[in-house]
């Protein structure tokens, strides 16, 4: 009888484990993965390496969108959150059991996080090292991201439109991230500038380029989508501009 009970307990435990593995909405975290400091204790890791930022969602006001760039060869994407005042203390970061979702058809990725935490970091594994983002200050509660479509487009230079926009707060801005995509949200170019203007595909004022391949020429009459993120020094997105346009 005791042996049968043990077998039943083993079977139930196995079924619970399988159901967790089949649930694509969450990862399984073991004890040494729960706290970030413990997770990286026996690993070779690099700080401030993953390109990441966060914004409050445009439609679901209780959602934080934590965006990041998945470098080629990277894997095992993870999100950690902290409620501590010190964002650099990895002993306060707890694992968040979420899977990342594709953004711009997977050229970028995003974690959809419901939380009132103060900080997040994104980590992944690449070439035997654990790479960690700069801590992101989460400001949804007191400085939600502003979403608009306010954009100026100059198409006087054929097939090389020039985009410009207003900076809502010079004090809060550190850098601008621009994405030009098709209507199907296939990323054509991804660039960073310190200026509030960008011309497709002119890299003269680009300080960081995450475009995955040589961008194609734009096609007259086709509609594209320009997305702009105004990012603060602590990697919170102050302002997002999303504006479709048709090439003239």
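The values are calculated or read from the model by the stated rules, or taken from the named source; none is laboratory data. This is a predicted model, so every value here is computed, not measured. Glycine gets a Cβ as well: all are built from the backbone with ideal geometry, and neighbour counts include every protein chain shown.
Kindly indicate which of 76, 86 is modelled with pLDDT of 95 or more, in contact with a strand residue (DSSP E or B) (Cβ under 9 Å, 6 or more places away or on another chain), surrounded by fewer than 18 Cβ atoms within 10 Å (Cβ to Cβ) and not in a strand (DSSP E or B).
The match here is 86.
Of everything in the range 147-183, what is over 26 Å from residue 64 (Cα atoms), part of a strand (DSSP E or B) and touching a residue at least 24 places away in the same chain (Cβ under 8 Å)? Give them in sequence order.
153, 162, 163, 164, listed by residue number.
Considering the range 167-185 alone, what residues qualify as being at pLDDT 95 or above and either touching a helix residue (DSSP H, G or I) at 6+ places or on another chain (Cβ under 9 Å) or surrounded by fewer than 13 Cβ atoms within 10 Å (Cβ to Cβ) (or both)?
183, 184, listed by residue number.
Give the residues of the range 129-143 that are assigned to a loop (DSSP other than H, G, I, E, B) and loosely packed, with under 15 Cβ neighbours inside 10 Å, sorted by residue number.
Selection gives 141, 142.
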